[in-house]
Amino acid sequence: MKKMKKKYNVVIIGAGVAGITSAIYLKRANISCCIIEKEMLGGQINKTSVIENYPGIVSINGTDLSLTLMKQLETLEIPVFYENVLEVKDVGFQVKKVMTKNNQYECSGIIIATGRRPRGLSLSFEEELTGRGISYCAFCDGMLYKEKKVAVIGGGNSAFEEAIYLSNLAKEVYLIHYKDTFKADSYLIKKAKQSKNIKIKTLCEVMEYKKSKENYLTGLTIINKKTNKKQNLSVDGCFLYIGHVPNTEMFASLDILNEKNYIKVDKSMRTKYHLVYATGDVIEKELYQIVTAVSEGAIAATTLMKDRVLYEEK
Ligand SMILES: Cc1cc2nc3c(=O)[nH]c(=O)nc-3n(C[C@H](O)[C@H](O)[C@H](O)COP(=O)(O)OP(=O)(O)OC[C@H]3O[C@@H](n4cnc5c(N)ncnc54)[C@H](O)[C@@H]3O)c2cc1C
């Protein structure tokens, strides 16, 4: 099938907060742009139960923030196309091409804002039990485990925040971490320790998932790294918060990835290619938060405005 051609000055790949911020800055400077998004507008914020660290907003859940962002894009008449970007071609040329299954987007500038996804434990049955007990999003799936037993794996802010969220729904929450120290903020650790139904198990690793004949998670086997003692935990849900993998497979041929597969950029968000930028969680950085993603989205767009000799739309 022949691909449809669409032309914009700038194509933004990914409609998370970083990509959306770039689009807002570009459109307000009268530069035509579109966003291509493969799943859900808002990206990772849709998986967040509550956001309480964004200035000016006391507390908001991720879905409500996404709806506000959607309204803002509609008001600015920024098109969002729901497609999976498979490849980017001709990055070194004036007219660059962003390829999806059915379309070819031609543009002079590209902002990559494809974010990252949660990492799994790479144990047997993990894929088939995802959505059948294994989850990466307490906010999305927590209600399924009302009055049931669940485990949360991890030791950072996300693990603690979501364990606390789940403790208001589930009967019991095991928080399992392979170290005896945590990366999470101290106030979250304190709150989790004060909770009556959160049981923290440190120095423990998950060895296997147990499942029913019907292919639902029924439990975990964990091992204490200090004592080497194994323990079977019967749980209906297991929420994984053990790190992330950048969404960069489709850029593998471009020579812009570092050894961890994040996109390499300078401090102004430029990649090595003229008018190709990366922003938000897809770059390697100190802090993966909404405030940093929106800040980088704004920097990428304003750098592009300075660098550009745009390919005019016909
Ligand atoms: C559970 C959880 C809780 C969090 N809590 C907080 C919090 O309280 N406060 C805070 O500040 N931050 C929080 N964060 C972090 C914050 O959500 C992220 O740092 C931020 O949303 C990243 O935005 P982004 O735009 O860079 O990437 P993302 O939100 O990951 O967006 C990238 C988008 O690109 C799309 N995409 C990927 N590949 C393609 C492709 N091939 N084609 C088209 N589209 C593609 C994805 O579908 C996605 O929508 C939390 C994150 C999680 C997971």
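Throughout, read-outs are computed from the coordinates displayed, never taken from laboratory work. Remember, it's a predicted structure, so these values are computed and weren't measured experimentally. Backbone-built Cβ (ideal geometry, glycine too); neighbour counts: all protein chains shown.
For the reader, a short list of remarks on this structure follows.
- Cysteines in the chain that, by Cβ-Cβ distance, have no pairing candidate under 4.7 Å: C33, C34, C107, C204, C238
- Debye-sum result for the chain in log10 I(q)/I(0), which assumes one identical scatterer on each alpha carbon, at q = 0.11, 0.15 Å⁻¹: -0.74, -1.14
- Protection proxy ranking of 150-156, 190-196, 289-295 - average other beta-carbon atoms within 10 Å, highest first: 150-156, 289-295, 190-196
- Axis of helix 17-28 versus longest Cα principal axis of the chain: the two differ by about 20°, to the nearest ten degrees.
- Near A278, once Lys and Arg are set to +1 and Asp and Glu to -1 for all other residues with Cβ below 15 Å from its Cβ, the sum equals +1.
- Pairs from K149/K196; K201/K285; K179/K199 whose Cα-Cα separation, in the structure shown, is over 18 Å: K201/K285
- Note on the range 120-240: Rg/Rh from C-alpha atoms, Kirkwood Rh, equals 0.94.
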